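Student: I'd like to ask you about the structure that follows.
The values are calculated or read from the model by the stated rules, or taken from the named source; none is laboratory data. Since the model is a prediction, treat every value here as computed from it, not as a measurement. Here the Cβ positions follow ideal geometry from the backbone for every residue, glycine too, while neighbour counts run over all protein chains shown.
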Amino acid sequence: MHRIALILAGWIIGASVNWVAAADAEQKLSTAPGSWIVYFGTYTGAKSKGIYACRLDLASGKCGELVLAAEAKNPSSLAVHPSGRFLYGVNEISDLDGKPTGEVSGFAIDRSTCKLSPLNKQPSGGAGPCHLVGDKSGHCLLVANYGGSVASFPLDRDGRLGAASSVIQHQGHSVNPARQEGPHAHSINVDPGNRFAVVADLGLDKVLVYRLDPATARLVANDPPSVSVAPGSGPRHFAFHPSGKFGYVINEMSCTLTAFDYDANSGRLTPIETISTLPQGEPLKSNYSAAEVQVHPSGKFVYGSNRGHNSITLLAVDGARGTLRWVDHTSTRGKTPSGFGIDPTGNYLLAGNQDSDSVVTFRIDQQTGRLSAVGEPLAIGSPVCVQFVAP
C-alpha cells in the first residue's frame with residue numbers, strides 16, 4: 001500500500017470505546033497503579049481526530065476509558081521522549097504550504113489526564129513522514145519520510161523541536177516499477193548504543209546505516225552505507241534485539257523477515273537468513289503485505305504483522321545465533337494490522353486493525369510467546385501506531 005499518506009520512560013499507544021465517545025471524550029482518566037498510559041496514532045478522518053489515549057491495567061489486560069489526547073493530522077507514528085514528559089508525532093501529509101514536505105509535532109504529556117499540550121511543529125524535510133524515533137539521550141528526534149529522505153532534529157530541554165540539523169535525500173530505485181520507482185524511507189531506528197541509526201527503505205530494497213551524533217543531532221552515512229535485501233522485498237520496519245547483537249527487518253512486499261548480525265562498533269549489518277511471515281504453504285496473494293516487527297523484551301520472540309492475511313506471526317529466537325523458528329500465527333480479529341505494540345513488561349500485545357477501526361489486546365504467554373485475546377475489540381478510527389508511557 002502506497003503511503004502518502006524503550007525501557008520504561010519511552011513507550012506509548014492505546015485503546016478505545018466507541019466512535020462518538022472516542023472523538024469527543026474530555027473527561028480525566030483515573031490513575032490506577034499497575035497500569036500503563038497507552039497512546040494511539042491514527043490516520044484521521046470521519047472516525048478519528050488525532051492521537052488517543054487510555055490506560056492499560058496490567059492485572060486484567062483491560063483498557064480503560066479512551067480520550068482524545070490531541071487533535072492532529074494523520075499522526076501515524078509516535079515516539080516518547082526518554083524522560084516520559086514529551087510525545088512526538090508525524091503529520092503524514094505530502095504538501096505543506098505548496099512544498100513537498102510533511103510536519104513533525106511535539107507535545108507535553110499530562111499524566112493526570114493523559115492529554116497532550118502542543119509544543120511546536122517543524123517541517124519534516126520530505127513528503128509523507130511515516131516513522132520517527134527519539135535517541136536515547138533525549139537530545140534529538142529522527143524522522144523517515146516516505147518521499148525518500150531522512151531528517152534529524154535537535155530537542156530543547158523544554159521538549160520543543162529545533163529546525164532540522166540534517167536532511168538526507170536517498171537516490172535510486174529497485175525492480176518493481178509500481179512500488180519502487182524511487183526511494184521510500186519507511187522507518188528509522190536507533191541502535192542500543194545510541195551511535196547509529198538504521199533506515200529501512202522500501203523503494204531501494206536496502207537497509208541504510210547512519211552514524212549519529214546526538215549532541216549535534218546530525219546524521220552522516222556510515223561505511224558501509226547500507227545492506228541489501230532480495231530485490232522486490234520492500235523493507236519496511238526494523239527492530240533491534242535487546243542484546244544489541246541482532247536486528248530484524250520486515251519486508252512489506254514479499255511478506256518476509258530478514259535477520260541480521262549487528263556489529264555495534266562499526267554499525268555493520270550482515271544478513272543471516274530470510275523467512276516467510278506467512279504460514280507454511282500459504283501463497284503470497286496480491287492483497288498481502290507485511291507491516292510491523294517487534295522483539296519481545298525478553299529477547300526470546302519476534303512478532304510480525306501480516307495485512308490481508310490479518311495475523312500476527314510468532315517466531316522464536318535462537319539467542320546465540322539470532323536465527324528464527326516459526327511458532328504460531330494468530331488472527332488479529334480485524335483487518336489490516338499495520339501497527340502493534342508490546343508493553344514494556346512483555347505481558348501484552350495491542351494490535352491496531354487499520355481497516356476495521358479496532359484495537360485488540362492479547363496476553364503473551366511468557367514461556368511460549370503465544371497470544372490469547374483479552375476482552376472485546378476496542379473501537380478507534382484507523383489505528384496504526386501503539387506506544388506506552390509509565391503512569
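Student: Can you pull out the residues in segment 320-337 that are hydroxyl-bearing (Ser, Thr, Tyr), touching a Ser or Thr at 6+ places or on another chain (Cβ under 7 Å) and in a loop (DSSP other than H, G, I, E, B)?
Tutor: The one that is hydroxyl-bearing (Ser, Thr, Tyr), touching a Ser or Thr at 6+ places or on another chain (Cβ under 7 Å) and in a loop (DSSP other than H, G, I, E, B): THR332.
Student: Restricting segment 206-220 to residues that are part of a loop (DSSP other than H, G, I, E, B) and touching a strand residue (DSSP E or B) at 6+ places or on another chain (Cβ under 6 Å), which is surrounded by the most Cβ atoms within 10 Å (Cβ to Cβ)?
Tutor: If we filter segment 206-220 for residues that are part of a loop (DSSP other than H, G, I, E, B), which is where we start, we get 214-217.
Next, from what is left, pick out any that are touching a strand residue (DSSP E or B) at 6+ places or on another chain (Cβ under 6 Å): 214, 217.
On the way: PRO214: 19, ALA217: 21.
Result: ALA217.
Student: Can you tell me how many residues in segment 214-236 are within 26 Å of GLY162 (Cα to Cα) and within 22 Å of the chain's Cα centre (by Cα)? Break it down into steps so the answer makes sense when it comes.
Tutor: In the first step, residues of segment 214-236 are kept if they are within 26 Å of GLY162 (Cα to Cα); the result is 214-222.
Narrowing the set further to residues that are within 22 Å of the chain's Cα centre (by Cα) leaves 214, 217-219.
Number of matching residues: 4.
Student: Out of all the residues in segment 175-191, which are touching a Lys or Arg at 6+ places or on another chain (Cβ under 8 Å) and more than 26 Å from PHE107 (Cβ to Cβ)? Lay out the reasoning, then the answer.
Tutor: Within segment 175-191, the subset touching a Lys or Arg at 6+ places or on another chain (Cβ under 8 Å) is 184, 186-187, 190.
If the condition is that a residue be touching a Lys or Arg at 6+ places or on another chain (Cβ under 8 Å) and more than 26 Å from PHE107 (Cβ to Cβ), then HIS184 is the only one that fits.
Student: Would you confirm, using the coordinates I've provided, whether THR332 is within 18 Å of LEU350 (Cβ to Cβ), touching a strand residue (DSSP E or B) at 6+ places or on another chain (Cβ under 9 Å) and not hydrophobic (A, V, I, L, M, F, W, C)?
Tutor: Details: within 18 Å of LEU350 (Cβ to Cβ): yes; touching a strand residue (DSSP E or B) at 6+ places or on another chain (Cβ under 9 Å): yes; not hydrophobic (A, V, I, L, M, F, W, C): yes.
Considered against the rule, which asks whether it is within 18 Å of LEU350 (Cβ to Cβ), touching a strand residue (DSSP E or B) at 6+ places or on another chain (Cβ under 9 Å) and not hydrophobic (A, V, I, L, M, F, W, C), THR332 comes out as yes.
Student: Just one of ALA15, ALA79 is modelled with pLDDT under 95 and crowded, with 24+ Cβ neighbours inside 10 Å; which is it? Before the answer, list the steps.
Tutor: Values: ALA79 fails: modelled with pLDDT under 95.
None of the others qualify; the one that does is ALA15.
Student: Could you tell me whether segment 311-318 includes any residue that is surrounded by fewer than 24 Cβ atoms within 10 Å (Cβ to Cβ), in a strand (DSSP E or B) and of a type in the set (Asp, Glu)?
Tutor: Within segment 311-318, not a single residue is surrounded by fewer than 24 Cβ atoms within 10 Å (Cβ to Cβ), in a strand (DSSP E or B) and of a type in the set (Asp, Glu).
Student: Further question: For residues in segment 257-289 being among the polar types (S, T, N, Q), buried (at least 16 other Cβ atoms within 10 Å of the Cβ) and under 30 Å from ASN194 (Cβ atoms), which is farthest from the chain's Cα centre (by Cα)? Lay out the reasoning, then the answer.
Tutor: If we filter segment 257-289 for residues that are among the polar types (S, T, N, Q), which is where we start, we get 258, 265-266, 270, 274, 276-277, 280, 286-287, 289.
If we keep only those that are buried (at least 16 other Cβ atoms within 10 Å of the Cβ) too, we end up with 258, 274, 276-277, 289.
Remaining after also requiring under 30 Å from ASN194 (Cβ atoms): 258, 274, 277.
Working: THR258: 17, THR274: 21, THR277: 18 Å.
Checking each candidate, the answer is THR274.
Student: Residues that are surrounded by fewer than 18 Cβ atoms within 10 Å (Cβ to Cβ): find the strands (runs of 3 or more DSSP E) completely inside segment 92-142 holding 3 or more of those. If you could, list the steps in order and put the result at the bottom.
Tutor: Numbers: elements: 103-109, 116-123, 129-134.
Where strands (runs of 3 or more DSSP E) fall fully within segment 92-142 and carry at least 3 residues being surrounded by fewer than 18 Cβ atoms within 10 Å (Cβ to Cβ), they are 116-123.
Student: Can I ask one more? Being in a strand (DSSP E or B) and hydrophobic (A, V, I, L, M, F, W, C) is the filter; apply it to segment 221-249 and report the residue that is farthest from GLY182 (Cα to Cα).
Tutor: Here is the first cut: in segment 221-249, the residues in a strand (DSSP E or B) are 221-228, 235-240, 246-249.
Now narrow it down to the ones that are hydrophobic (A, V, I, L, M, F, W, C): 221, 227, 238-240, 246, 249.
On the way: ALA221: 19, VAL227: 17, PHE238: 20, ALA239: 24, PHE240: 26, PHE246: 28, VAL249: 20 Å.
Out of the qualifying residues, it is PHE246.
Student: Does at least one position in segment 118-132 carry a residue that is of a type in the set (A, V, I, L, M) and touching a Pro at 6+ places or on another chain (Cβ under 8 Å)? Talk me through it step by step, then tell me what you get.
Tutor: In the first step, residues of segment 118-132 are kept if they are of a type in the set (A, V, I, L, M); the result is 119, 127, 132.
Still in the list and also touching a Pro at 6+ places or on another chain (Cβ under 8 Å): 127.
Checking segment 118-132: at least one residue is of a type in the set (A, V, I, L, M) and touching a Pro at 6+ places or on another chain (Cβ under 8 Å).
Student: Right, next: THR368 passes all but one of (1) part of a strand (DSSP E or B); (2) over 27 Å from HIS186 (Cα atoms); which number fails?
Tutor: (1)
Student: Please verify whether segment 33-47 includes one or more residues that are at pLDDT below 95 and not in a strand (DSSP E or B).
Tutor: Let us first name the residues in segment 33-47 that are at pLDDT below 95, namely 33-35.
Within this subset, residues satisfying the condition of being not in a strand (DSSP E or B) are 33-34.
Yes - at least one qualifying residue is present in segment 33-47.
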